[in-house]
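Remarks on the structure that follows.
Where a number appears in this text, it was derived from the coordinates with a stated rule and is not lab data. Note that the structure is a prediction, hence the values are computed from the model and not measured. Note that each Cβ is placed from the backbone with ideal geometry, even for glycine, and that neighbours are counted across all protein chains shown.
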Amino acid sequence: MAAELLVILAVAAPHAAAALEARTRVLQRAGSRVFIVEASDPAALESIEGIQHVGSGPTPSAANRNLSDEESLFVDAWNLRKIERKSRKGDGLDWDHSGFDAP
């Protein structure tokens, strides 16, 4: 089953983007080095020369070095998306749903 993965290319690896695009479906891209892809085999992507990071969870801060402001913001948003949210009573319900007391 395919999963969404965050891929960061190394600084001096412009050829890696073409190899990545040939092997997977690119869902989003930030700058020239950060991608969200849909792939079923992360190990196959890690074997591409010039790939610095491949992951499905929060990205370690070491992987964010040398990113542009745009790319860094994109990775920060990815990390926030991967943090487990608190379960709140009534979360996702309409305010007029029976049994829900709006604040």
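Which value, in debye to the nearest 20, describes the size of the charge dipole of the stretch 3-82 about its Cα centre when Lys and Arg Cβ atoms bear +1, Asp and Glu Cβ atoms bear -1, and nothing else is charged?
Dipole size: approximately 60 debye.
Quick one: net charge around Pro58, please, counting Lys, Arg +1 and Asp, Glu -1 for every other residue with C-beta under 12 Å from its C-beta.
Here the charged neighbours net out to 0.
Helix 69-82 sits at what angle to the longest principal axis of the chain, using alpha carbons and giving 0 to 90 degrees rounded to 10?
Tilt of helix 69-82: around 50 degrees.
222 nm [θ] for the chain, helices only, -39500 (n - 2.57) per DSSP H run of 4+, per residue, to 500?
Using -39500 (n - 2.57) per qualifying helix, the result is -8000 deg cm²/dmol.
So what is the relative contact order of the stretch 1-65, in percent, for Cα pairs below 8 Å that sit 6 or more residues apart?
44
Just need log10 I(q)/I(0) for the chain at q = 0.15, 0.22, 0.24, 0.25 Å⁻¹, Debye formula, equal scatterers on the alpha-carbon atoms, no solvent, rounded to two decimals.
Rounded to two decimals, the profile gives -0.62, -1.11, -1.30, -1.40.
Counting Lys and Arg as +1 and Asp and Glu as -1, what is the net charge of the other residues whose Cβ lies under 15 Å from the Cβ of Val75? List each step's numbers first, then the result.
Values: positive: Arg29, Arg33, Arg65, Arg81, Lys82; negative: Glu4, Asp69, Glu70, Glu71, Asp76.
Every neighbour counted, the sum reads 0.
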